[in-house]
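Engineer: For reference, the structure I am asking about is given below.
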Amino acid sequence: MNDEFVKLKNDLERLIEDLNEQEFFDDGQVLVIGCSTSETIGGHIGKSSSDQAAKVIYEQISKLAKEKNLHLLIQGCEHINRALTTERHTMEQLGLEEVSVVPHKHAGGSLSEYTYHHLEVPVVVDSVTADLGIDIGQTLIGMHLKRVAIPVRTSVKTVGEANVTIARTRPKLIGGPRAHYKS
């Protein structure tokens, strides 16, 4: 593995360690990952897709999902309307709608393609309402998060060469000044 992919792996490991220290993940949560492999290697989004970057990212993220018992969904690019690649059992458990597409490097992105070919029973779904999100390379995952997204600060600001943005969600606060809320 060359130096840029070692750095990518190390950045992801540090990011995951930082999030674990913050107790970011809870058992059974829904996690959306958006990722431009182009951005991780210093290219422009959608212009320099990297199968090797996709492999490194998938290995780290899928390991995390198994360890934390998360429902993992990988967002594709705009050419497949940001549809999400996941396991069939996740689609069924969450009641998601399957769409008919197979992601590939130029319509879905390298990470979606790699994920699709490495899941046990892959499917692509239209949308999800996720608890957590990690956006690597400004892929705009907000459409797949619950209504109130809260940014999460980490010591890791980039994964490879790509900016990384993390979000968790919370229930909406309703009721006005007389209401009391759970902490």
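Engineer: Please verify whether residue 179 is modelled with pLDDT of 95 or more and either touching a Phe, Trp or Tyr at 6+ places or on another chain (Cβ under 7 Å) or of a type in the set (A, V, I, L, M, F, W, C) (or both), treating the condition exactly as stated.
Structural biologist: No, not satisfied.
Engineer: Can you tell me which residues in the stretch 124-166 are assigned to a strand (DSSP E or B), hydroxyl-bearing (Ser, Thr, Tyr) and within 14 Å of the chain's Cα centre (by Cα)?
Structural biologist: 165
Engineer: Hey, any hits in the stretch 69-78 for a residue that's farther than 20 Å from residue 145 by Cα and either at pLDDT 95 or above or among the β-branched types (Val, Ile, Thr) (or both)?
Structural biologist: No, the conditions are met nowhere in the stretch 69-78.
Engineer: Picking from 113, 120, which residue would you name as being touching a strand residue (DSSP E or B) at 6+ places or on another chain (Cβ under 8 Å), among the charged types (D, E, K, R) and not in a loop (DSSP other than H, G, I, E, B)?
Structural biologist: Every option except 113 fails the conditions.
Engineer: Which members of the stretch 167-183 meet the condition of being more than 27 Å from residue 13 (Cβ to Cβ) and outside any loop (DSSP other than H, G, I, E, B)?
Structural biologist: Result: 170, 176, 177, 178.
Engineer: Considering only residues that are farther than 21 Å from residue 12 by Cα and either buried (at least 18 other Cβ atoms within 10 Å of the Cβ) or modelled with pLDDT under 95 (or both), which ones fall in the stretch 126-142?
Structural biologist: 128
Engineer: Further question on the same structure: Restricting to the stretch 92-115, name every residue that is at pLDDT 95 or above and touching an Asp or Glu at 6+ places or on another chain (Cβ under 6 Å).
Structural biologist: Passing the criteria: 97, 99, 103, 110.
Engineer: Having 3 or more residues that are touching a residue at least 24 places away in the same chain (Cβ under 8 Å) and surrounded by fewer than 21 Cβ atoms within 10 Å (Cβ to Cβ) is the bar; report the helices (runs of 4 or more DSSP H) wholly within the stretch 13-102 that clear it.
Structural biologist: 51-68, 88-94
The values are calculated or read from the model by the stated rules, or taken from the named source; none is laboratory data. Bear in mind the structure is a predicted one, so any value in this text is a computation, not a measurement. A quick note on method: Cβ atoms are made from the backbone with ideal geometry, for glycine too, and the neighbour counts reach across all protein chains shown.
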